[in-house]
Structures are given as C-alpha cells and as structure tokens.
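Let me begin by presenting the structure, written as structure tokens, before commenting on it.
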Amino acid sequence: MSDIAEPIPGIPLNKTPHPFTGYALYLTAALLFALNGTVAKSILLTGIDPARLSQLRVTGAFLVLLLYVGLRNPTALRITKKEIPILLAYGILGVAGTQYLYFVALTYLPVGVALLIEFTAPVIIALWFRFAWKEPTKKTVWVALGMALTGLALVAQIWLGFAVNAVGVLAALAAAVSLSLFYILGDKQLRVENPRDPVSLTMWGFAAASLFWVVAQPWWAFPWDALSGNTEPLSAANVSFPIWIMALWMILFGTVITFSLVLASMRHLRASQASTVGLTEPLFATMIAWILLGEALTVTQVLGGALILLGVFVAERARLTT
C-alpha cells in the first residue's frame with residue numbers, strides 16, 4: 001500500500017451508506033498515512049537503508065494480510081498461472097517500487113515535499129488513460145498538468161538551482177510514476193472477468209514485492225542490529241522511541257490498518273468523494289512533520305503545494321466524471 005489514500009475501485013456501496021461514517025474513516029486513514037511519513041523518516045534518520053526498510057514494511061504487511069485472508073477468505077489464496085505475470089508487475093513495479101522510491105525521497109527531502117511530489121500520481125494516471133488507453137479525457141486534464149508542473153517548480157524552487165535536493169526530487173517523481181502503475185495495474189485487475197477482491201489483490205501485491213526483496217537482498221543478511229537502538233529525539237517533545245516499535249507501527253498502523261479503514265470508508269463514499277478527502281493527506285503530513293521533526297516549508301513551497309493539490313483535484317474530477 002502506498003502512502004497516498006486513494007479511492008479503490010470494485011467496492012460496492014452499502015445499501016444504506018452513511019457518508020459521515022465514510023468521511024470519518026477516510027480522514028482517519030489519511031491522518032495515519034500522513035503520520036507514517038514522519039514515522040518512516042524518523043527510522044531512516046537512524047541510518048537504516050531505504051531498501052531494507054521497504055523490505056521490512058512490505059513483508060510485514062504481507063504476513064498480516066496473509067493471516068487475515070487465510071482466516072476470512074481462504075479460497076483467495078489460490079492463484080492461477082494467468083494471474084502470475086500481472087501480479088508480479090503489480091507487486092514489483094507498483095508496491096516495491098513505490099515504497100522504496102518514497103523512502104529514498106524521504107532521506108533527502110522534507111516529508112511534505114516528498115509527499116507533494118508523489119501526490120502528482122493522479123495527474124500521471126489521467127494522462128495514461130488519455131494516451132496509452134485512448135480513453136476520452138476532458139480538456140481540463142491539461143489545466144491540471146499545468147497546475148501540477150507549476151506547483152512542482154515552486155516546491156523545488158528551480159530558479160534557485162533546486163533549493164531542495166535534486167536526487168530526492170527525482171526519487172519522488174519516480175515514486176509518483178510507480179504509484180501510478182500501482183493504481184493502473186490494480187484497477188485493471190479489479191475490472192477483469194471474475195476479479196479478485198481488493199484485499200486479496202493487495203495481499204498478492206505485497207507477496208510479489210516481498211519475493212522481489214528476498215531475491216534482491218536475502219533475509220539472512222538483514223541488519224537486525226539496526227532495529228535495536230532508538231530514533232532521534234522528536235523536536236516537539238524531545239522524546240525518542242525504540243526503532244523496532246516505530247517499525248511495527250509503520251507496518252500495522254501505517255499500512256495494514258490504514259488500508260482496512262480505506263476499504264471500510266469506500267462502502268459509504270463514492271470515488272469522487274473519497275478522492276477529495278484524500279487531498280488532506282499531504283496537509284496532515286506537512287503539519288505533523290513540522291510539529292514533530294521541525295520541517296517547515298517556505299511560503300513559496302506552500303503555494304506550490306496548493307497548486308499541486310488543485311491540479312490533482314482537477315485531474316481526479318476529469319478522470320472520475322469521464
């Protein structure tokens with residue numbers, strides 16, 4: 001699961017939906033996703049490698065989801081040969097790619113900046129639908145693209161020769177592309193004949209990501225001692241936490257529980273409603289990182305962030321109402 005609270009297709013509304021309940025659940029998920037950015041950054045500041053942290057997150061989430069699916073819907077543990085290629089692409093390019101690149105971006109950028117750049121994924125998705133799948137797209141997509149690019153320029157402050165780290169910006173942009181693939185491939189899988197349910201699809205995506213990391217960096221070489229210390233003191237309260245507790249929080253509250261909240265909320269909200277609520281995530285993330293990590297954005301970056309979010313809003317509206 002990415003750190004962006006995004007509507008999930010293929011989930012029917014309840015016969016008697018309760019929008020207030022849906023909004024409350026989705027806002028809670030967005031808040032937890034946002035808080036997870038600061039949690040992950042606090043772990044990365046201890047020196048752990050982004051690839052290893054990504055491996056820990058996706059594997060931990062996979063094991064929890066495997067237990068859940070095994071108990072609630074054991075038939076979903078079956079997989080066909082036809083599914084394997086798309087699930088591997090979904091898990092490696094979408095899940096593993098997004099997590100790793102986002103963590104790389106966090107090592108170089110403030111949480112708010114990294115998330116704002118990654119948040120351009122819906123604009124990329126809208127363009128993909130237009131050019132790759134030749135689906136009719138409203139002209140407002142171009143307006144959204146212009147807003148997003150202008151916002152990115154303001155956030156990166158390119159007239160100063162990149163006031164923020166260029167490597168971090170590139171990693172965040174790559175994470176946005178990878179996140180786009182996550183949603184595009186997932187959407188495609190949920191719209192085929194006899195589709196998987198969203199929970200088991202996500203479980204298999206995390207399974208593929210976990211398998212990728214096992215091959216890329218075997219578990220027997222995992223630096224377990226990196227989880228034995230404490231994080232740097234948070235600026236707000238000058239307190240630190242054991243790294244392993246923060247890692248456990250990242251897996252449970254930053255991944256599995258947040259995904260469950262999104263699923264529950266989507267039974268009360270339409271995709272257009274949820275996409276609007278999801279825009280609160282970078283706002284929450286920026287405020288939390290400012291309070292706990294002392295990361296403050298300039299006025300120009302705040303304006304750039306507002307343009308990015310407005311562009312995302314326009315792109316999502318164009319895609320969901322086409």
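The values are calculated or read from the model by the stated rules, or taken from the named source; none is laboratory data. Note that the coordinates shown come from a computational prediction; the quantities given were computed from them, not determined experimentally. Using ideal geometry, Cβ is built from the backbone for each residue, glycine included, and neighbour counts are taken over all protein chains shown.
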Against the conditions (1) over 19 Å from Ile124 (Cα atoms); (2) at pLDDT 80 or above; (3) assigned to a helix (DSSP H, G or I), where does Arg196 fall short? Just the number, please. (3)
Looking at Ala153, is it among the hydrophobic types (A, V, I, L, M, F, W, C), buried (at least 18 other Cβ atoms within 10 Å of the Cβ) and part of a helix (DSSP H, G or I)? no
Looking at the structure I just gave you, is Ile92 in a helix (DSSP H, G or I) and under 17 Å from Phe182 (Cα atoms)? yes
Test result for Ile48, without any contact (Cβ under 8 Å) to a residue 24 or more places away in the chain and β-branched (Val, Ile, Thr): no
Just wondering, is there one or more residues in segment 213-223 that are buried (at least 21 other Cβ atoms within 10 Å of the Cβ) and touching a helix residue (DSSP H, G or I) at 6+ places or on another chain (Cβ under 8 Å)? yes
List the number of the failed condition for Gln55; all other conditions in (1) within 24 Å of Gly278 (Cα to Cα); (2) part of a helix (DSSP H, G or I); (3) polar (S, T, N, Q) hold. (1)
Quick one: which residue in Val214, Val262 is within 23 Å of the chain's Cα centre (by Cα) and at pLDDT 95 or above? Val214
Mind checking whether some residue in segment 69-80 is under 27 Å from Ala285 (Cβ atoms), among the hydrophobic types (A, V, I, L, M, F, W, C) and either modelled with pLDDT under 90 or in a helix (DSSP H, G or I) (or both)? no
